[in-house]
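In what follows, a structure is listed as structure tokens, so that the remarks can point back to it.
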């Protein structure tokens, strides 16, 4: 049975403050919930109109589902999962930071963009995503929805980006209008790639720490658009890092 | 002065049927309207709370602006422009179809995705975008908003995609899970690139017409996500076509 305190908890988890206090977040829909059930994430509570999950659950009515769903068209189930600690057990922090290509986001604010970028990390095998503290919360329900389950496979941490990059021992890449043509660069297997805010790009304090400025050339005429969307720019740059050299 | 018939017209233009009958569409916000005013598009009506445009306009109050705006936070002005004929004068249809790389969309349904793709066309100098009739209308206000003005620089036509591709004389490319690794292909300057629907990819009838099946390799592990978002996939594939060979 769905209780008032269940409804209160689920509703309050739309607030970042509450998610951080409780270390809980909401996942909606059958496919998404199944991906989280089959992952390292731990289930806290599951509510469904249908007994289709291999987990302990509350059977609820369609009317009750509508009360707890944040979607226009609720899809069968709503679950609450625990937010995992950033560093998986058995790996120390240093090791995580040093492996392969790391993506860092400098204040990406749009939930859809972050969701798409997490999905790109999953596709391109980027295991570590480092977000500035002002980047939108990855447990925001719109982000969770947009990642299509990729959130279960990418390790994401929020930190002071300046401190992180300062102590990072390899090259630091970022995209700028006046950077070097990315298509003619030899790109390494290790490094951190910084992508900037939707409106302002990479902030000045972070720009000072970039060792390699890159640019995605524009092929349209001079009157063409001034910038790419951050998610599509990330797609192009990750593709360049990963394609056979 | 804002009249009742103005409000009725603007409100009704949220419907595709009315946009097609009237051959009119709505643009909101100062930056977007200025881009359209400086383009081949012809202004029909302009309403603004501020006399900042070099065009005939109706000065309206903030309250009136709220009545006609589709945005949560209205931005100064709302304009109605004429939908241009697909083929610019001085160019015949055949010429348009043959020049350079043509992008074709097979039932892309999400306005945000279409807007992002139009912006990518602008960036990569793709002058012609051909949409299947079931693709979301490019004069939908969410699409117009997402294109950030790129709609003024990309020629878009809606047509029966099967008929268009059948009569197209060059190679026809499309992305599939089992296509050839795009990173190892020599990609031509001329051709049509087909991108498919968000949920179903390229339809069977169109797949039969594809001469070159391409694939963007996945670098994540086997459990990784099964597909890329259509806008990010388009970004990667256009980048591959345009990068120096």
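The values are calculated or read from the model by the stated rules, or taken from the named source; none is laboratory data. Here the structure is a predicted model, which means the values were calculated and not measured. Reconstructed Cβ throughout: ideal geometry from the backbone, glycine too, with neighbour counts over all protein chains shown.
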For residues that are under 18 Å from residue A:5 (Cα atoms) and touching a helix residue (DSSP H, G or I) at 6+ places or on another chain (Cβ under 7 Å), scanning just region A:47-72, find the one that is surrounded by the most Cβ atoms within 10 Å (Cβ to Cβ). A:47
Among A:231, A:199, which is within 29 Å of residue B:34 (Cα to Cα), within 14 Å of chain B (Cβ to nearest Cβ), in a loop (DSSP other than H, G, I, E, B) and within 20 Å of the chain's Cα centre (by Cα)? A:199
For residue A:180, state whether it is in a strand (DSSP E or B) and either farther than 14 Å from residue A:161 by Cβ or at the interface with another protein chain (Cβ under 8 Å from one of its Cβ atoms) (or both). yes
For region A:122-131, which positions are touching a residue at least 60 places away in the same chain (Cβ under 8 Å) and either over 13 Å from residue B:223 (Cα atoms) or more than 14 Å from chain B (Cβ to nearest Cβ) (or both)? A:126, A:130
Residue check, residue A:218 against (1) touching a helix residue (DSSP H, G or I) at 6+ places or on another chain (Cβ under 7 Å); (2) part of a strand (DSSP E or B); (3) closer than 30 Å to residue B:126 by Cα, all met but one. Which one? (2)
Boolean, residue B:205 is modelled with pLDDT under 90, touching a helix residue (DSSP H, G or I) at 6+ places or on another chain (Cβ under 6 Å) and farther than 25 Å from residue A:112 by Cβ: no
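Which residues, taken from region B:10-19, are out of contact with any strand residue (DSSP E or B) (no Cβ under 7 Å at 6 or more places or on another chain) and either surrounded by 19 or more Cβ atoms within 10 Å (Cβ to Cβ) or touching a residue at least 40 places away in the same chain (Cβ under 8 Å) (or both)? Please lay out each step first, then the result.
Looking only at region B:10-19, we keep the residues that are out of contact with any strand residue (DSSP E or B) (no Cβ under 7 Å at 6 or more places or on another chain), and these are B:11-12, B:14-18.
Result: B:11, B:14, B:16.
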Those residues of region B:204-221 that are more than 11 Å from every other protein chain (Cβ to nearest Cβ) and farther than 15 Å from residue B:164 by Cα come to a total of 5
Of everything in region B:140-154 that's closer than 24 Å to residue B:206 by Cβ and either surrounded by fewer than 22 Cβ atoms within 10 Å (Cβ to Cβ) or within 13 Å of chain A (Cβ to nearest Cβ) (or both), which residue is farthest from the chain's Cα centre (by Cα)? B:140
Of the residues A:194, A:237, only one is at pLDDT 90 or above, within 19 Å of the chain's Cα centre (by Cα) and within 14 Å of another protein chain (Cβ to nearest Cβ); which? A:237
Matching residues in region B:20-32 - criterion: being surrounded by 19 or more Cβ atoms within 10 Å (Cβ to Cβ) and part of a helix (DSSP H, G or I): B:32
Top-ranked residue of region A:40-61 - restricted to ones that are out of contact with any strand residue (DSSP E or B) (no Cβ under 9 Å at 6 or more places or on another chain) and at pLDDT below 95, ranked as farthest from residue A:12 (Cα to Cα): A:54
With the requirement that a residue be under 20 Å from residue B:120 (Cα atoms) and either without any contact (Cβ under 8 Å) to a residue 12 or more places away in the chain or out of contact with any strand residue (DSSP E or B) (no Cβ under 9 Å at 6 or more places or on another chain) (or both), what does region B:160-215 give you? B:183, B:198
